[in-house]
1. Whole number in Å², please: accessible area per residue of the chain, 1.4 Å probe, ligands, DNA and RNA not counted.
2. In percent, what relative contact order does the chain have, based on Cα pairs under 8 Å that are 6 or more apart in sequence?
3. Quick check on the chain: helices-only [θ] at 222 nm, where DSSP H runs of length 4 and up contribute -39,500 (n - 2.57) each and the sum goes over total residues. Nearest 500, please.
4. With no other cysteine's Cβ closer than 4.7 Å, which Cys residues of the chain count as lacking a disulfide-compatible partner?
5. Given a 1.4 Å probe and the protein chains all in place, what does the accessible area of Leu440 round to, in Å² to the nearest 10?
6. Would you grab the residues whose amide H sits under 5 Å from the one on Met28? Only those 5+ places off in sequence or on another chain, please, with H modelled 1.01 Å from N.
7. Just check the stretch 420-490 against the gyration tensor rule for me: Cα atoms, a ≥ b ≥ c as the square roots of the eigenvalues, rounded for a/c under 1.5, and otherwise prolate or oblate depending on whether a/b exceeds b/c.
8. What pairs from Lys201/Lys374; Lys208/Lys355; Lys246/Lys430 go past 29 Å between their alpha carbons?
Amino acid sequence: AAIAQIALMRLSAQGFRIGTSYLFSSPMVGDAGFASYMERMFQPGQGGPVFEVVEGKESAARWPFESDFRPWGFQAYYSKTSSKDVSSICYSDDPLCGINRVAQKDLTHSDVCDSALAPDGSFCSFGNDFAGQCYGGMSVSILHTIQNNTRIPLPPGIPQPADQQEQPWHPSEADGEQVASLVVEKKMPKPEDFFSLDVLKAMAALCKIAYCGSTPVFENVVVSTCSGQGGVCSKAGFGVVPHSVKPTIVADRGNSQALFFYTALARRTTREFAKAPYFMPAETCLLIFRGTANQENSQMNNALRQMSLDDAECENCTVSAGLLQIWDSKLGGKVVHALNVSGCTAQPSGVTSNKVIIAGHSMGGTMATLAAYKLHRLGFSVQLSWTIEGGRPGNMAFMDYINDQAFAVERPVPMWLVTHANDGIARWPKQVNKEAAGRLNYHVHFREGSLQNPTICTTAREATQAGRCGIFQHDRANLSFEVPSAAHCL
């Protein structure tokens, strides 16, 4: 419907005479100047009229919410999505008519799909009739007649392709619910309330996919694995948007495919997942790093000489040379480009987001911690992120900045470190520059072979040998630093 408005403008300017037209659930596309122009083009006797059809409390017709945008034409308003009787017809910019009378906090995108005006009561779903309508060329009424009057069972229908389905989300679904939930948690900060096993399972699945590398079907693998309609990601309250996946390879030390990561746009499925323990934003990019996969990665991991970040906000912070050099020379620019392609920028407009969830396994988790810092300093809003069996990227000052400063305004937990059994990678290296390496204070520890009753550690003392919490219950002599190993990979 938004594209149709542009088509109306262009076609009328080229001399086509436009008849009565209908725009269903159309967002606003221009400012007051655009609205005035369109009203002149479609004044009585010159074309149209053009009706904006709005139902229930749908939010799309009022979006974008910025005051610069203005509707035009006529609004045909149906107060209930179940009704075929129009409630009112008025000018679309009349503040006392139709959808304009509904408070913004009460608007919802869920009313965009359901409609008594559409066949089978929905604009967004074909039910079981997709094949009959789209391949057989039959209407809903004909299909229902066949189904009701024949004793011959129809063959199973061909499902509608996932990347052609209407997405149950719209930018008008703002993050007010997530913000409100975070405010409530701030009043009673309980870090453990920010842990969700369902979200961790989704992130683990996305991290595992990264080990596939860049294949011809990689984008389809991500979308099918992380659908909002079912599966591991839907249980965490989000799904990946088709056509938003951007896989990227980065050369290092002569290996053209040494590093791999991918980005994708994810959207929350329902408002319930804005609340604890999910705190899922309405829209966010995902940034997933692959772990150690080749000799070049191992060489980078072992380049532990500390380099200063030269950041006045992160005073005395240093990071391992291997990580910092590859980020500054090659990886960082590609990460920002991929995020932009997927739909996220540090300075978002009305159709982009600045939110990013970062995750990675092994070396990917180590890089995820550095990426959280780098993207935060670039202006991205880094959401609760995950380093699964990741190592220590820098010194104590750097990790103190991550633990206590960078994200403290938004939430008590910057990111979760996930550990398993006696895997020692999460406690490696022990020292940098002859001082203890920095460590993430917030970690979730699983016993060998079990997802039941994980240990959650949330204080600086617990993140020490003296604290004996989680991975620190094991003496260093009993840790396994072998990669790959059951402790590190299972």
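1. 47
2. 8
3. On the way: 14 runs with 125 residues, N = 490.
The helix contribution divided over the chain gives -7000 deg cm²/dmol.
4. Cys134, Cys207, Cys212, Cys489 - these cysteines have no disulfide-compatible partner (Cβ-Cβ under 4.7 Å) in the chain.
5. 10
6. Trp63
7. Oblate is the answer for the stretch 420-490, as a/c is 1.5 or above yet b/c matches or exceeds a/b.
8. The pairs that break the limit, which is 29 Å between Cα atoms, are Lys246/Lys430.
The values are calculated or read from the model by the stated rules, or taken from the named source; none is laboratory data. This structure is a prediction, so every number in the text was calculated from the model and none was measured. As a convention, Cβ positions derive from the backbone with ideal geometry for all residues, glycine included, and neighbour counts pool all protein chains shown. Keep in mind that these areas ignore ligands, DNA and RNA; they rest on the heavy atoms of the full protein, side chains included. Shrake-Rupley method; radii C 1.70, N 1.55, O 1.52, S 1.80 Å.
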